Amino acid sequence: MSITRWRWKRILLWTLGLFVVIQLVPYGRAHTNPPVVQEPAWDSPNTRALVKGACFDCHSNETEWPKYASVAPVSWLVQRDVDTGRAHLNFSQWDRNQRHAVDAADEIRTGDMPQTYYTWMHSAARLSDLDRELLAQGFGKMFGRPTGDPKR
């Protein structure tokens, strides 16, 4: 066996060992969905359906946890996205102040949300231009920022 081949085997073994060890890190497996307390007053069933497909996994207490969300380090990324998404805007806890709700239309309209890497594996989150505009208009009606008024 050549030195190069021996080094590659060693790198592979260390990588595999590291992968096994990081599975012991407890973060990223708290796949809980707290109860839905209150949803917003949806302007239409279509807006809710669009939000459910594109936003609920990170911005509600109705997250559908995929199997890969239990394998580190992906589990860490998924958990972080859900934790920060719920903290930023949570459609399941409308009894609490949702101060970022007024920005939702702009986030959708500019393409900042849903995040591109999320849409790679979640086809329901891939909004057409029409769906993006309908959702932005729905958010504008619901959260008080009229269409075309970027900063009230």
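The values are calculated or read from the model by the stated rules, or taken from the named source; none is laboratory data. From a predicted model like this one, the values you see are computed outputs, not experimental measurements. Cβ coordinates were reconstructed from backbone atoms using ideal geometry, including for glycine residues, and neighbour counts include every protein chain displayed. Side chains included, ligands, DNA and RNA excluded: accessible areas come from the protein's heavy atoms. Shrake-Rupley method; radii C 1.70, N 1.55, O 1.52, S 1.80 Å.
If you model the chain as an ellipsoid using its alpha carbon gyration tensor, with each semi-axis the square root of five times an eigenvalue, the axes come out at 39, 18, 12 Å, biggest first. To put it simply, the accessible area of the chain at a 1.4 Å probe is 62 percent carbon and sulfur.
Under 17 Å of direct C-alpha separation, and excluding same-chain neighbours fewer than eight residues apart, Lys67 reaches these aspartates and glutamates: Asp57, Asp81. Rolling a 1.4 Å probe across the protein heavy atoms gives the chain an accessible surface of 64 Å² per residue. Ranking Thr63, Thr4 by solvent-accessible area of protein heavy atoms (1.4 Å probe, all protein chains present), from largest to smallest, gives Thr4, Thr63.
Using the Cβ-Cβ distance between Glu133 and Val102 with R0 set to 25 Å, the FRET efficiency from 1/(1 + (r/R0)^6) comes to roughly 0.90.
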